[in-house]
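Accompanying notes for the structure given below.
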Amino acid sequence: MQRKSAIFFLALLWALPLFAKTPEQELERISLRQRAAKLKAWEEPYWRKLLYYEKNLLGRWHSPSVNPKFFLSRWGNINPRLELEAAVDGLYFEGADNDSPECLFPERYRWLKEKLGLPAGAFPPRACTSFEGWKAGLDIESVSLLFAAGYLNNPSTLYGHTFLRLHKRGAAGADLLDYTLNYAAVSDEQGGLFFALKGLVGAYPGQFSTIPYYLKIQEYHNIENRDLWEFPLNLKPEEIDRLLRHCWELGKASFPYLFFTRNCSWQLLPLLDIVKPELDLSRRFGFWVIPSDTAKAVLAASPETRPGWRPSLWKTVEWKRSQLGEDEKLSVLALARGDQAQELRKLELRPADRKAAVLEAAVDYLSWRFYARRIGKTELDGRTDPLLAARAPLGQQVTFTGAPARPPAITQAHESLRLGAGLVALEHGPAYELQARFAMQDLLDDPAGYLPDAALEMGSLRLRYEPRYNRYYFREAKLARVLSLNPWDPWVRRQSWEINAGLEQAPEAGRQSGRAAVWAMNAGSGLAAQWDGPVRHLWYALLQADSAFGPALDANWRLGAGLKAGWLLERGPVRALAEARYIGYALGDTRPLWAGTVSASYRLAKDTSLRAEHGWRGGATETGLYFHQFFFSP
């Protein structure tokens, strides 16, 4: 009995506030709690935004932060009222100022004092030296939204990435002085398919961090060869202060990182909702979140400005190469990959300006080869140093004019969600089709603002109704399709590739229309070539490995390999594609597959297009006409 009494006494002591040290302070604390209760301050939308509260399936409030340091109350993650009352208690904290709740959560307490109507002198100001030192070191003058274009060679960055650039006061945009505010998954893995799969289930915590801007340039612009777009947000000084105060608070938060929903891009939205509460951006997104869509949502609520554009390192090399003669291009390759000493001797015969152009292009090309992991640091230094030494005596020269061609920005791209309807002519009668694709483009969609010569489709559905059999069925239900066509370049030597997984109809199995569904997966790798003229031509051929599973097949499965080839043409609003493939199966159902399509699209407007398709697969043929409309992803 005595032991139970002792436990009860300790629990009672633990439950009592540890902040108020005098009777007068205790009365003040109780009075402030009563004032907060009368105002129902914990029901204020801004308080819930500061703690990231959201309702679960049972209608109860909870905060997704998995770091207990983000809360003052033991139950603060599930109870906004207890967290607010703990914040009131924190006003009476006695200890080192830097450890006080007010210094740990400056924006939370700024709002709380304002909400409770506390005069400026009600509490002695805290000496928050850690926060003030961090803020003074950043010394932010303005903020921009940065969008890094998608990178198909890393599944974790297929759709691009958004983050904030913090411009240092008086730095005039100097890359070495600015910082970025970035949200990312905390993981030892650098990317890859396994990273993306774990990101689907929230296996990684996500955290905010401030990182020097030049490091992000190295990561995106150099290593991954991604264009960077910069959109000024035109935040007011008080909004920038609010951003910094809350960013300091987020140093104690960790959120589950979910690849399609609570990802790097979405997590910026509730942050900007705190900076500008009237935006309410985070409520616009529900089931999935695509970085390009969040960028558009943020920019739609900001004053329109011309975005800045930083071309990737390879685009810079390609632009310089376009201004070289054929013999000069060969010289660059020799300096970078051949007998450099011999080529330097040959350069002595060239005019100074052309010699300088070749040397500069060779240095940039070697930098690209290093960041693309084609050469190591030792070879980079060994080949670059002699080129820089040869360039220095030439002095100032006019080498390259103009700038790389500026592509359309993401704000000029069609929306990510595509809906469609069409009429299909089958061998034995008509059929009607409804289509939906959650993201984002295929080869016949207008590529403006997206990656050229690429397909990135997630959640592609084609529901068909066939009156002949009075039957509805899925013509296609694709989980994912990623295609990257890279026209062969002797400087780059990059292959083309494709992966594909989802449900499809297999009429070659000999079943009745709509009753031959199989789960198919394939992957391919090969080469592509292009010809630029009035009509651009792109040819490609891929070796494919293919598998399928379903009761429509003999033995319920098959495994084989074959060849896929295609021809893409484009001019203005018109794009056409002819594609054929042959797969021979060695295991399971060994009947071979012959299939192909001839299709064309015409862009009526940025978000509207018409498409015609004729296809054959096995002995079945069909011809369809479709109307496509793109929508903002909800």
query: What is the distance, in nm, between label points placed 7 Å from the Cα along the Cα-to-Cβ direction at Ala501 and at Asp489?
result: 3.0
field: FRET efficiency estimate (nearest 0.05) - Cβ-Cβ, Ala448 to Ala389, R0 60 angstrom
entry: 0.85
query: Using 1/(1 + (r/R0)^6) with R0 = 45 angstrom and r between the beta carbons of Asp532 and Lys69, what's the FRET efficiency to the nearest 0.05?
result: 0.20
- request: Sort Arg391, Arg350 so the one with the fewest other Cβ atoms within 10 Å of its own Cβ comes first.
  value: Arg350, Arg391
field: Computed E for Lys346/Trp309 - FRET, C-beta separation, R0 51 angstrom, nearest 0.05
entry: 0.90
query: What per residue convex hull volume, in Å³, do the alpha-carbon atoms of region 513-634 yield?
result: 141
message: Give the lysines reachable from Lys115 as a straight Cα distance under 16 Å; neighbours fewer than 8 places away on the same chain don't count.
response: Lys38, Lys40, Lys49
message: What does the extension gain come out to for Arg110 and Tyr46, with contour length at 0.36 nm per residue minus their alpha carbon separation?
response: 21.9 nm
- prompt: Which whole-Hz ³J(HN,Hα) couplings does region 320-337 yield from phi under the Karplus relation 6.51 cos²θ - 1.76 cosθ + 1.60, θ = phi - 60°, glycine and proline marked x?
  reply: 5, 4, 5, 9, 9, x, 4, 5, 5, 4, 5, 5, 4, 4, 5, 5, 8, 10
- request: Work out the length of the dipole vector of the chain about its Cα centre, built from +1 on the beta-carbon of each Lys and Arg and -1 on the beta-carbon of each Asp and Glu, and round it to the nearest 20 debye.
  value: 880
message: How far apart, in nanometres, would the label points at Ala96 and Ala171 be if each is projected 7 angstrom from Cα along the Cα-to-Cβ direction?
response: 2.9
query: Which residues make up the longest stretch of the chain that has no GluC sites (Glu not before Pro) in a DSSP loop with at most 13 other Cβ atoms within 10 Å?
result: 428-634
task: Would you list which aspartates and glutamates come within 18 Å of Lys216, measuring only between C-alpha atoms, while excluding same-chain residues fewer than 8 positions from it?
output: Asp175, Asp178, Asp188, Glu189, Glu224, Asp227, Glu230
field: Extension gain from Gln396 to Tyr214, taking 0.36 nm per residue of separation minus the Cα-Cα distance
entry: 62.9 nm
- prompt: With the radius of gyration and the Kirkwood radius both derived from the Cα set of the chain, what is their ratio Rg to Rh?
  reply: 1.05
query: Per-residue HN-Hα couplings for region 418-424, Karplus 6.51 cos²θ - 1.76 cosθ + 1.60 at θ = phi - 60°, whole Hz, x for Gly and Pro?
result: 10, 10, x, 9, x, 10, 10
message: Give the average over all directions of the projected area of the C-alpha convex hull of region 341-450, one decimal, in nm².
response: 13.3
- prompt: What does the convex hull of the alpha-carbon atoms of region 557-606 project to on average, in nm²?
  reply: 4.6
- prompt: For the residues Phe123, Phe163, what sequence is obtained by ranking on other C-beta atoms within 10 Å, fewest first?
  reply: Phe123, Phe163
message: As an exercise, take the mean of 1/r over every pair of distinct alpha carbons in region 16-127, invert it, and state the Kirkwood radius in angstroms.
response: 14.5
field: Sorted by Cβ density within 10 Å, fewest first, the residues Leu443, Leu272
entry: Leu443, Leu272
task: May I ask you to compute the full-extension gain from Glu230 to Tyr472, defined as 0.36 nm times their residue separation minus their alpha-carbon distance, rounded to one decimal in nm?
output: 82.5 nm
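Quick note: the coordinates plus some simple rules give every number you see, no bench work behind them. The structure presented is a predicted model; accordingly, all values stated were derived computationally and were not measured. Every residue, glycine as well, gets a Cβ built from its backbone with ideal geometry; the counts of neighbours run over all protein chains shown.
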